[in-house]
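A short write-up of the structure that comes next.
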Amino acid sequence: MSVADKNNLYNFNEFLAWRQGVDYYLDDPFIQKVVRYYTGPGWEKVDAEARAVSEKASFRWRDMADRIARPEHRPFMLHYDGHHNRIDRICRPQDTEILGKEIFSEAIFADKTPPWVKLVKMFLIYQNGEACIACPLTCTEGLVMLLSKYADTPEIKQILRHCKEGIDGEYAIGAQYLSEIQGGSDVPANVLEAENEGGVWKLYGTKFFCSATHADYAVVTAKPAGSEKVALFVLPSWLPGDKEKEIRNGYTIDRIKWKLGTSELTTGELTFNGAVAYPVGPLERGVANVVGIVLTYSRLTVGLSAAAFMTRSVREAKKYTAFRQAFNLQLDQFPLVAVQLDRIDHSARRTTAGAFKLYSDFLNLEDGLKGGLASDEPLPVRKNRFNIRELIMLQKITASWDCTDVIREAMSLFGGHGVMEDFSALPRLYRDSAINELWEGPRNVLLTQIHRDLQQVATWYEPSEFVGNILQGLNESLINELSEEIKVLTAHPHLFQMDDATIDVCRRLDTFCRRFFHAYQDLALHEVESEGR
């Protein structure tokens, strides 16, 4: 029983002291177990690097991310200087500038950084949300991987070196400028024009979603004049000697978008008026290289960042419910709360295990996805490459969807404090997660692609075999059930006819894909948790 007391001394100090002292890696036995399981002989190096970066991510970088998320610190544009020179300066708080410099100085994409070290560093960094870091990191990764394959001129080799290894200690940041107002995810509908003017390619037109507009370089899709084929180019934000003068490379930043989430990140609308750019790869292979290289890494990162967001949200919800009391009981002593905690904890753990399992499979895939489905490789290799291609899309739509659900549930366990932006990072992570659901292909686009892919390969890879190969080791009845379902769904000719049968197939396909990828994640979780038993 409580009695009236005008001097209410209640506080959250115990919970806050715990939260201030949490080390994302050292205090998480599960992620340590995942890292040990997947990194194998290289575990000691990965573990040591994880401990080192966690000391920064869990404290200094966490606090910086919290500060720059405040509304008064949002980035804004200064289009002209005091002498009416067009400069398009992106104004950001000093914390943002320092945070970016410190994280990119980790040389995450350098040759000296092993793939598993890169992944674990990114996982720990992503627990702080977007913070104008998550998107630039994966955009830079995609740019580095693209240029590593196609760098064939002095200009492109210099850009690759700047992004990958750094120049004089300065590491460049990459961006992706793909979407246009008329097409969105429909990249082949792009109309930005690239003209070859005396041996120099220049871009003309507009882009509607330009992520990480503050970056040094960007991957840009454009159609060469007179062509219907999309080509890929790399665009320097400034030509040599112009950055200090604030003279941009033949383009203007018309505005920064006002978004629900990832608010610290500048996403702009750009107009190109003769911007110098360098072609990357065969001009006719632009879409294939976007999907096979650039978007592949972005979609892998969506799964990883979802795991990171969920991990932090669940950890804080579990501790808060153990701290907070209501009706003379700790919140976690209420059965309904216990059920909710168990549900979101399981989702976070299986998403994390699934992200690491898929990355392991991807690392073992020689030459990446290559783009497209046709291949003259041996059949087992073709099937494995196809598996990874589809799993990356399935993870993107499933993990991002689950992440928003999990964070929403975690916030609910805080009661009214759950939606208070200055009480915890959860509302910010929730908004950032909602952006991840849309970024790099919304759900309906990827579901359509998966259905089409399964039909295209059916002559050499039956859908039921695809299901069985990926879920090998799980309960046979579940595998059989999912195998029968995918046979029915892929027998439907396409998903573009507006009739009852197609609507039913679309509904069932959505449900199937989520169940199927959850089964893959559960398999990954079982493998991790069974290790050493």
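Measuring how big the stretch 174-286 is from its alpha-carbon positions, Rg and Dmax come out at 13.5, 44 Å. Projecting the Cα atoms of Asn249, Gly274, Ala212 onto the dipole axis of the stretch 174-286, where Lys and Arg carry +1 and Asp and Glu carry -1 at the beta carbon, places Ala212 farthest toward the positive end.
Quick check on the stretch 297-345: what does the Kirkwood estimate of hydrodynamic radius come out to from the alpha carbon pairs, in Å? Let's see the in-between values first.
Numbers: mean 1/r = 0.0835 Å⁻¹.
Kirkwood radius, the stretch 297-345: 12.0 Å.
Can you pull out the trypsin sites (Lys or Arg not before Pro) in the stretch 1-53 that DSSP calls coil and that have at most 12 other Cβ atoms within 10 Å? Display every interim value, and only then the final one.
Numbers: sites: Lys6, Arg19, Lys33, Arg36, Lys45, Arg51; in loops: Lys6.
Within the stretch 1-53, the qualifying trypsin sites (Lys or Arg not before Pro) (loop, at most 12 other Cβ atoms within 10 Å) are Lys6.
The relative contact order of the chain comes to 12 percent, based on Cα pairs under 8 Å that sit 6 or more residues apart. Helices assigned as whole DSSP H runs in the chain whose Cα atoms extend at least 24 Å along their own long axis and whose mean Kyte-Doolittle hydropathy is -1.0 or higher are found at 134-150, 295-323, 335-363, 379-412, 500-530.
What does the convex hull of the Cα atoms of the stretch 221-350 come to per residue, in Å³, rounded to a whole number? Before the final figure, lay out the partial values.
Values: hull volume 24.1 nm³, N = 130.
Spread over its residues, the Cα hull of the stretch 221-350 gives 185 Å³ apiece.
The alpha carbon convex hull volume per residue for the stretch 18-117 rounds to 131 Å³. Candidate cross-link partners of Lys33 among the aspartates and glutamates, defined by an alpha-carbon separation under 13 Å and a same-chain spacing of 8 or more, comprise Glu44, Asp47, Glu527, Glu529, Glu531.
The mean sequence separation of alpha-carbon pairs under 8 Å and at least six residues apart, normalised by the residue count of the stretch 287-530, gives a relative contact order of 25 percent. When the listed pairs Lys164/Lys396; Lys101/Lys157; Lys357/Lys396; Lys207/Lys370; Lys157/Lys245 are checked against a 18 Å cut-off, the alpha-carbon distance exceeds it for Lys164/Lys396; Lys101/Lys157; Lys207/Lys370; Lys157/Lys245.
Got a sec? How would Val144, Val406, Val291 order by Cβ neighbour count within 10 Å, fewest to most?
On the way: Val144 22, Val406 28, Val291 19.
Fewest-to-most ranking of Val144, Val406, Val291: Val291, Val144, Val406.
Of the residues Trp460, Asn190, Val3, the one whose Cα sits farthest toward the positive end of the charge dipole of the chain, with +1 on the Cβ of Lys and Arg and -1 on the Cβ of Asp and Glu, is Val3. Its relative contact order, with pairs defined as Cα atoms under 8 Å and 6+ residues apart, puts the stretch 13-164 at 22 percent.
This ranking places Lys112, Lys207, Lys319, Lys357 by how few other beta-carbon atoms lie within 10 Å of each, fewest first, which gives Lys112, Lys319, Lys357, Lys207. Here the stretch 208-230 is scanned for amide nitrogen atoms under 15 Å from the site 7 Å beyond the Cα of Lys243 along Cα-to-Cβ, giving 213-218. Of the residues Phe323, Ser305, Ile344, the one whose Cα sits farthest towards the positive end of the charge dipole of the stretch 299-358 is Ser305 (charges of +1 on Lys and Arg Cβ, -1 on Asp and Glu Cβ, taken about the Cα centre). State the percent of C-alpha pairs, over all pairs in the stretch 373-449, separated by a distance greater than 18 angstrom. Value for the stretch 373-449: 54 percent of Cα pairs lie more than 18 Å apart.
Placing +1 on the Cβ of every Lys and Arg and -1 on the Cβ of every Asp and Glu, with nothing else charged, gives the stretch 124-192 a dipole about its Cα centre of roughly 160 debye. Look at where the Cα atoms of the stretch 388-448 and of the stretch 459-499 average out, and the two centres are 27 Å apart.
Taking every pair of Cα atoms in the stretch 88-137, average 1/r, invert it to obtain the Kirkwood radius, and report Rg/Rh to two decimals. Ratio of gyration radius to Kirkwood radius: 1.02.
In terms of other Cβ atoms within 10 Å, Leu509, Leu394 run from fewest to most in the order Leu509, Leu394.
Stick to the Cα atoms of the stretch 339-491, pair each with every other, and give me the Kirkwood hydrodynamic radius in Å at one decimal. Numbers along the way, then the final one.
Details: mean 1/r = 0.0569 Å⁻¹.
Mean inverse Cα-Cα distance, inverted, gives 17.6 Å.
Starting from the Cα of Ala501, move 7 Å in the Cα-to-Cβ direction to define the label point; list residues of the stretch 447-471 whose amide nitrogen is under 19 Å from there. The answer is 451-452, 455-456. Placing +1 on the Cβ of every Lys and Arg and -1 on the Cβ of every Asp and Glu, with no other charges, gives the chain a dipole of roughly 520 debye about its Cα centre.
If you model the chain as an ellipsoid using its alpha carbon gyration tensor, with each semi-axis the square root of five times an eigenvalue, the axes come out at 37, 32, 22 Å, biggest first.
Every number here is computed from the coordinates shown, using simple stated rules; none is lab data. Just so it is clear, the structure is predicted and the values come from calculations on it, not from any experiment. Neighbour counts are summed over all protein chains in view; Cβ atoms, including those assigned to glycine, are modelled from backbone coordinates with ideal geometry.
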